[in-house]
Structure formats: C-alpha cells, structure tokens
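Below is one structure, written out as structure tokens; the observations come after it.
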Amino acid sequence: MIVNMYVDHLMSPSPASAEEVWNATKVHAKLFSDAAARIGLTPAEYKEFRGNLLDGKAVFVKLPRRVDAMSGDRRGSVYAVHNAVMQETLMGWRVALADGNVVYVPQVCGNISLLKHAAVAYVPKKHKHMVLGMAHTPTYVPASAVQPTIETPVTVVPPAAPEAPAAAAQVIPSAASGGHSILPFFAPIGVGGIIYGLVHGNTSPVPPCRNGSNALNVCSK
C-alpha cells in the first residue's frame with residue numbers, strides 16, 4: 001500500500017520559502033509540535049529546527065528518497081510513517097541539527113521529516129598504537145535473528161480529477177407539441193426526404209394545396 005502524503009499534508013498551499021514554513025509552525029503550533037514528536041524530534045531539537053528556519057540556515061535541495069520518519073495529518077489526527085521511501089524526486093528544505101540529525105521539509109506538502117545522523121561531521125584520524133593482548137573474536141549472529149527493515153512507500157501525487165460527463169445530444173423543440181420533440185438536430189434532412197418521396201410517387205396521402213404552396217407540385221387541389 002502506498003501512502004499519499006499529498007492528501008495528508010501539513011501545509012496548504014505549498015510553501016514558497018523557509019520563512020513560510022516557520023510561520024506555519026507559529027500559526028499552527030500544536031499541529032507542528034505534535035508532528036515533530038511523532039517523527040522522533042526532542043523538544044530541544046524542534047526548537048533548534050525552528051530557529052534554523054528563521055536564521056536562514058535552511059537549504060533548498062533535492063530531498064533523499066528515504067527518511068526515517070515523515071509526518072502526516074489526517075483530518076486533525078497527526079501520525080508518522082516510519083522508514084518512508086518516496087516514489088518520486090522531491091524538492092524541499094534541509095535543516096541540519098547540531099547532533100547530526102537532519103529535518104527535511106518537502107515543498108509540495110510541508111510534512112516535516114527526519115533522517116537520523118545524516119549530517120557529515122569531521123572525524124580526526126586516530127594514531128596507530130601497538131596493542132598487546134588477545135585478539136578480539138567477532139560474535140556470530142545467525143541470519144534468522146536479524147530483523148529486516150520494513151519500508152513504507154509514500155507519494156505526493158495529487159488525486160486524479162473526476163471525468164467530465166458526456167455531452168447530451170441536441171434536441172430541436174417542436175412548436176406543434178409545445179416545445180417537446182424527439183426529433184434530433186438532423187430533422188431538416190428527414191423533411192427533405194419526405195418531399196422527395198411525395199414528388200417521386202410515394203403512396204402517402206398528398207396534402208391539399210390550401211395547407212401550403214404548390215410551387216414544388218407536391219399538393220393536390
């Protein structure tokens with residue numbers, strides 16, 4: 001099952017800047033604080049995230065396809081999708097935190113997401129030292145004991161628009177029946193066929209001349 005995060009968005013319309021994202025966290029404070037808690041941010045991390053948004057530390061980038069958690073809002077109920085894998089490439093804002101975690105905000109929906117320990121940190125090289133003692137023997141872990149990571153596919157595609165109803169056939173009203181007629185728009189062609197039949201010996205009764213002109217010799221005296 002693919003979860004459509006476009007339907008369960010936190011922001012609508014889509015934000016145009018990181019400042020608009022920050023403003024949404026202020027106007028809808030409970031919604032975003034609940035979303036932050038759902039994806040695993042601590043109160044201190046969420047405060048740092050909002051401060052970085054306001055200080056211009058959010059970078060507009062192409063988002064990674066996989067995140068550890070992505071928030072959603074379904075009719076006022078906030079939830080999180082864990083190990084979310086996006087089906088398409090998205091653009092949004094990247095906000096790095098001091099502890100190495102990174103918060104991503106997809107532009108199309110505003111659903112804050114978390115990727116743990118994604119920041120690249122500089123680690124100094126360790127000096128080699130001679131170690132005396134017994135060598136460490138790695139512990140064997142059977143394959144059956146390893147729990148596989150269950151990934152949840154998500155998308156942000158808008159729902160398909162309903163199909164337009166087919167156009168009805170045009171009907172020409174009839175004066176004799178008070179505006180109600182079943183004759184379609186090609187009725188004049190049928191009338192011409194009737195006149196042709198009368199001229200060429202059709203056995204249908206010929207109307208008297210007093211009902212119309214005899215210019216085409218189609219009526220009787």
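The values are calculated or read from the model by the stated rules, or taken from the named source; none is laboratory data. From a predicted model like this one, the values you see are computed outputs, not experimental measurements. A quick note on method: Cβ atoms are made from the backbone with ideal geometry, for glycine too, and the neighbour counts reach across all protein chains shown.
Quick notes on this one:
- Matching residues, segment 81-98, being more than 17 Å from the chain's Cα centre (by Cα) and modelled with pLDDT of 95 or more: Trp93, Arg94, Val95, Ala96, Leu97, Ala98
- Test for Phe60: is it closer than 24 Å to Ala16 by Cβ, assigned to a strand (DSSP E or B) and at pLDDT 95 or above: yes
- Scanning segment 64-78 for residues that are within 12 Å of Ile112 (Cα to Cα) and without any contact (Cβ under 8 Å) to a residue 60 or more places away in the chain turns up Val67, Asp68, Ala69, Val78.
- Taken together, Tyr46, Tyr6, Tyr79 contain a single residue that is of a type in the set (Phe, Trp, Tyr) and either assigned to a loop (DSSP other than H, G, I, E, B) or surrounded by fewer than 13 Cβ atoms within 10 Å (Cβ to Cβ) (or both), which is Tyr6.
- Only one entry of Ala69, Ala84, Ala44, Ala35 meets the criterion of being aliphatic (A, V, I, L, M) and out of contact with any Ser or Thr (no Cβ under 9 Å at 6 or more places or on another chain), and that entry is Ala44.
- Listed by first and then second residue, the pairs linking a residue in segment 1-26 that is farther than 14 Å from Arg74 by Cβ to a residue that is in a loop (DSSP other than H, G, I, E, B) and polar (S, T, N, Q), with Cβ atoms under 7 Å apart and 6 or more places separating them unless they lie on different chains, are Ile2/Gln87; Ser14/Gln107; Pro15/Gln107.
- Subset tally (residues that are at pLDDT below 90 and closer than 10 Å to Pro106 by Cβ) for segment 1-26: 2
- Subset tally (residues that are within 11 Å of Arg50 (Cα to Cα) and either not aromatic (Phe, Trp, Tyr) or not assigned by TED's automatic domain parsing to the domain that holds Val81 (or both)) for segment 3-28: 7
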